[in-house]
Amino acid sequence: MNADPLIAKEAQPVSTAAALVRANKRLKRQFSEMRLPLLIIHGTEDKVTRPRGSETFHGEAGSSDKTLKLYESRFHDPLNDLGKEEMIADTIAWIEARL
């Protein structure tokens, strides 16, 4: 990630990282309680979080309306990655289909 000029200087406070770890543990315990429509997007080349985690979330979420979109050759922040227009269009279409 440090070689990526779009995010090379990015840093997160320790408190943010700690909050994310706590939220992740709670979220995993509550996957099955998720009942709202879910759109899960993930880049297959993400080196920060594993696409398998999104696949697990999708499989265990309790929502009857859930969509998993894996974007080939995309990285951690697909809505800001190269080719983001495709993901933005897919997200808009997903939302519009539910309005």
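Summary of values
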read-out	value
Qualifying positions in the stretch 76-89 - at negative phi and either among the β-branched types (Val, Ile, Thr) or in a loop (DSSP other than H, G, I, E, B) (or both)	His76, Asp77, Pro78, Leu79, Asn80, Asp81, Leu82, Ile88
Scan of the stretch 63-75 for residues that are modelled with pLDDT under 95 and not in a strand (DSSP E or B), ordered by number	Glu72, Ser73, Arg74, Phe75
Any hit, the stretch 14-22, residues being open to solvent by 70 Å² or more (accessible area, probe 1.4 Å) and either farther than 27 Å from Lys66 by Cα or touching a residue at least 40 places away in the same chain (Cβ under 8 Å) (or both)	yes
Candidate set: the stretch 76-88, residues that are at pLDDT 90 or above and out of contact with any strand residue (DSSP E or B) (no Cβ under 8 Å at 6 or more places or on another chain); chosen: the one surrounded by the fewest Cβ atoms within 10 Å (Cβ to Cβ)	Glu85
Filtered residue count, the stretch 46-70, keeping only those that are more than 20 Å from Ala17 (Cα to Cα) and open to solvent by 70 Å² or more (accessible area, probe 1.4 Å)	4
Residue within the stretch 28-37 that is in contact (Cβ under 8 Å) with a residue 24 or more places away in the chain, out of contact with any Lys or Arg (no Cβ under 9 Å at 6 or more places or on another chain), in a helix (DSSP H, G or I) and open to solvent by 70 Å² or more (accessible area, probe 1.4 Å) present	yes
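The values are calculated or read from the model by the stated rules, or taken from the named source; none is laboratory data. Source: prediction; values computed, not measured. Every residue, glycine as well, gets a Cβ built from its backbone with ideal geometry; the counts of neighbours run over all protein chains shown. Each accessible area value is taken on the protein alone, full model and side chains, heavy atoms only, with ligands, DNA and RNA left out. Shrake-Rupley method; radii C 1.70, N 1.55, O 1.52, S 1.80 Å.
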